Amino acid sequence: MKLNTWILFSLLSFPALAQQSQNAIQRVQQRTFTLATLPQTGETLTLQQAIAQATEKNYQVQINRSQEEISRNNYIKGNAGYLPVLTFNGNSNGGLQSLRQSFLGNLSPDRAIDGAFNRTSNVGINLNYTVFNGYARSATYTQLRQLVQISTVNTRANIEATVASLATGYYDVVRQLQRLIAFTQALDISRERLELARATYEVGTRSKVDFLSAQVDYNTDSAALLSQQQSLRNAKTLLNTLLVRDPVTEFAVRDTILVRPNLQLASLQESLTTNNPLLTAAVLNRTLADISIRLANAQQLPLITAQTGYNYQWINNQGGFGVKNGRAWGPTYNIQATIPIFNGYNVKRQIQNARVGTVIAQNQENDQRLQLQSALVQTYQSYQNSLALLNLEIQNNRLANQNVDIAYDRYRIGNSNFVEFRDVQRNAINAQIRLIEAEYNAKAAEIELLRLSSTITQELVQ
C-alpha cells in the first residue's frame, strides 16, 4: 500500500516538478537585473556630471588655479623693473628747549629763554629709475612669462589627472554593480538548485547530502553577495571623495562600460609629444634655466640708475644759534653708474652654476620624455592585451552560460550529481567575473592612454 502510494505521488509530482524546473536557469536569466533596471537609491549620476563637479570642487585643482592667478598677477612690467618708482617723503624734527646764552665780546646781551620751540621740516617727491641693469629686466620679464605658462600647464595636468581618476573611479562603480548583478544571478541559481534539492530529498529521490550541499553552496553565494555589496559601498565612497562631497551620499549609475577598440599608438605618441602638460612643463623649465644664465651674465655689466625729485624745507627756531626762520625749495637729481670689477669670483660661480642648471634641465626634459613614452607604450600594450582578453571572455561567458543550462537539466533529471553542477556553476560565475574585469581593465587602459596623450578632456568632457 505504501509502495503504491509512493509510486502514485511520483507519477503526479515529478512531471509537475520537471515542468516547473525545466527552464529554471532561463527564468533566472530573464529576471536578472541590468544596470538600467537595477534598483538604486539616489539621483542618477552621469560621467559628464561627475567630471564637471570634480574639476570645479577638487581642492588641488583650486590650489593650482590660485597659483596660476598669482603668476599672472606677477607678470607685469613693474615687477620686472621696467617702470620707475615714485615716492613721497616727509619729516619734521623739533623740540622744546630752555637755554641761557652769553656772547663773547658782549656782541649781544645775555639771553635766557624757557620753552623755546625749534623745528625743521622737509617734504618732497622723488622718482627712481633703473636706466640699465645689464638686460636683467628683459630676462626677468621673460622669466615671469614662462612662470605663467608653467602654472597654466600644471593646472591642466592636474585637471587631466583628476578627470582620469574620476573616470576610473566612476567605471569602478559600474564594475562593482556588474559584479553585484553577477553574484545576485549566481545566488538565484543556487536558490533554484536548493529548492530542487529540497523537493527531491523530501520525496526521497535524492540523499540528504545533496540537499545539505545545496544549502552550503547557497550560503557561500550569499556570503559572496554580501562581500560584493561592501565592495560596491567602498567604490561609491571613493567616488564621493573624488567629487568632494559627503562620502555616504547615495547615487545611481546607469552607464555601461564601452571600450574603444580603435586607438592607434602613432597618433597617441604624436599627441603626447605635442600636448602632454608634464612634458611641456619640462621644456619650459629648461627655458627658465637658460634665462638664469642671462640673469647671471647681467651682473657683469654696468648698472645705471637715475633719481630726480622736488623738495621743500622750512626752519622755525625760537632760540639757539643760526637761522631763526627759513625756507628752501627746488628740484634735485642724481645719476649713478656702478661698474662691477671684482667680487670674489661670485659672478663667475653663479654663471657656471646656471650653465650646469641648463644641463640638468635638459636631462630632466629628456628623462620626462622617455618616461612618458615608455608609459604610453606599456599602457598601449596592456590596452591591446585587454581587448584580446575581452573578446575571448565574451565567448567564454556565452559558452559558460550555455553549459549551466545543460548542467542544470542534467542535474534536474538525475544524470549528474551536485559536485558536477557546482563545478559548472562556479566556472560560469568565474567567466562572468573575468568578462567584467576584462571590460574594466580595457577601459582603465583606454583612460590612461587618453591622459598620457592629453586628449582626455576632449574625449570625455563632451
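Assorted remarks:
- Residues that are within 30 Å of Ala161 (Cα to Cα) and touching a Phe, Trp or Tyr at 6+ places or on another chain (Cβ under 7 Å) occur at least once in the range 423-442.
- Scan of the range 333-386 for residues that are of a type in the set (Lys, Arg) and farther than 30 Å from Asn128 by Cα, ordered by number: Arg349, Arg355, Arg369
- Residue in the range 240-247 that is without any contact (Cβ under 8 Å) to a residue 40 or more places away in the chain, more than 26 Å from Val173 (Cα to Cα) and exposed (fewer than 14 other Cβ atoms within 10 Å of the Cβ) present: no
- Some residue of the range 187-206 being under 30 Å from Ala438 (Cα atoms) and of a type in the set (A, V, I, L, M, F, W, C): yes
- Output for the range 257-279, where each listed residue is more than 17 Å from Ile456 (Cβ to Cβ) and in contact with a helix residue (DSSP H, G or I) (Cβ under 7 Å, 6 or more places away or on another chain): Pro261
- Looking only at the range 387-425, and only at residues there that are charged (D, E, K, R) and modelled with pLDDT of 85 or more, the one that is surrounded by the fewest Cβ atoms within 10 Å (Cβ to Cβ): Arg398
- The number of residues in the range 403-434 being of a type in the set (S, T, N, Q) and in a loop (DSSP other than H, G, I, E, B) comes to 3.
- The listed residue being touching a Lys or Arg at 6+ places or on another chain (Cβ under 6 Å), in a helix (DSSP H, G or I) and either loosely packed, with under 15 Cβ neighbours inside 10 Å or of a type outside the set (S, T, N, Q) (or both), out of Ala375, Ala296, Ala354, Ala361: Ala361
- Test: residue in the range 242-249 that is closer than 15 Å to Gln40 by Cα and assigned by TED's automatic domain parsing to the domain that holds Ile189: yes
- The requirement of being among the aromatic types (Phe, Trp, Tyr) and not assigned by TED's automatic domain parsing to the domain that holds Glu250 is satisfied by Phe117.
- Within the range 92-119, being at pLDDT 75 or above, of a type in the set (S, T, N, Q) and either surrounded by 10 or more Cβ atoms within 10 Å (Cβ to Cβ) or in contact with a Cys (Cβ under 8 Å, 6 or more places away or on another chain) (or both) holds for Ser92, Asn118.
- Filter pass, Glu437 being exposed (fewer than 15 other Cβ atoms within 10 Å of the Cβ), part of a helix (DSSP H, G or I) and at negative phi: no
The values are calculated or read from the model by the stated rules, or taken from the named source; none is laboratory data. As the structure is a computational prediction, the values presented were derived from the model and not from experiment. Positions of Cβ are backbone-derived with ideal geometry, glycine not excepted, and every protein chain shown enters the neighbour counts.
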